[in-house]
Amino acid sequence: MMAAKITLLILSVLVICVMAAWYLVPIFLEQPSYKVIQKDGNIEIRLYQGFVLKSVNVTGDQYLALKKGFRPLVNYISAKNRDGYKISMTAPVMQSLGNSPDEWVVSFSMPSKYDASNLPNPNNEQIYTEAIGATKAAVIRFNGKADENLLAKKTIKLSDWLTKGRFTTKSKPRYMFYNDPSTPPFLRRNEIFIELE
């Protein structure tokens, strides 16, 4: 009886530790810096200081494209097959539609100590740099497994809110994922980011 209680206690502590890790790891990763200037429930208007992205264009459905784009970017920051030092992982991983229905852009934001001029050159010619200047953006935050249906639903909600508020947009929606795929959906932080005039 006592052994069963101890086993149960150990398992409970392990579960709590794993859940805490899922929740806390993204908090300790550097994220693009911003200031919230307006909030309405889970929608915020943010002023971003600007950030630099390393991006790659891939094809496929939303989930497959995210997986395909993730690997070369991980190889880039971990200095695999290129000269130079490793670059710290940041959050979130970003994804947006490309120029055709099955094309996607997958991006990692770079730590704030870098700009476009002092990043190591990739050995993969498909990886390119995007500089996002200081900008105002509308962002909706939500939990769950961010599949195409959920992303579409939240994009419509954010777009409707912006239309009612008479905001003018200047970018496609950018999907932002803060957790690794092993994180339970109810603990995942997802956002949709749209730049504003």
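The set of residues in segment 4-57 being farther than 30 Å from Pro72 by Cβ, modelled with pLDDT under 95 and either open to solvent by less than 70 Å² (accessible area, probe 1.4 Å) or touching a Gly at 6+ places or on another chain (Cβ under 9 Å) (or both) consists of Ala4, Ser12, Met19, Ala20. Take the residues of segment 112-142 that are in contact with a Phe, Trp or Tyr (Cβ under 6 Å, 6 or more places away or on another chain) and either open to solvent by 60 Å² or more (accessible area, probe 1.4 Å) or assigned to a loop (DSSP other than H, G, I, E, B) (or both): which is nearest to Leu158 (Cα to Cα)? Across segment 112-142, the extreme among qualifying residues is Ile127.
So that you can scan it fast, the table gives a plain yes or no per residue for (1) touching a strand residue (DSSP E or B) at 6+ places or on another chain (Cβ under 8 Å); (2) within 28 Å of Asp160 (Cβ to Cβ); (3) in a strand (DSSP E or B); (4) of a type outside the set (D, E, K, R):
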residue: Arg46; (1), (2), (3), (4): yes, yes, yes, no
residue: Lys54; (1), (2), (3), (4): yes, no, yes, no
residue: Asn57; (1), (2), (3), (4): yes, no, yes, yes
residue: Ala65; (1), (2), (3), (4): yes, yes, no, yes
residue: Arg71; (1), (2), (3), (4): no, no, no, no
residue: Asn75; (1), (2), (3), (4): no, no, no, yes
residue: Ala79; (1), (2), (3), (4): no, no, no, yes
residue: Asp83; (1), (2), (3), (4): no, no, no, no
residue: Lys86; (1), (2), (3), (4): no, no, no, no
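Looking at Leu119, Leu151, just one residue is touching a strand residue (DSSP E or B) at 6+ places or on another chain (Cβ under 9 Å) and within 19 Å of Arg82 (Cβ to Cβ), and that residue is Leu119.
The values are calculated or read from the model by the stated rules, or taken from the named source; none is laboratory data. On a predicted model such as this, the values are computed, not experimentally measured, just so you know. Cβ sites come from the backbone with ideal geometry, for glycine too, and all protein chains shown count toward neighbours. Keep in mind that these areas ignore ligands, DNA and RNA; they rest on the heavy atoms of the full protein, side chains included. Shrake-Rupley method; radii C 1.70, N 1.55, O 1.52, S 1.80 Å.
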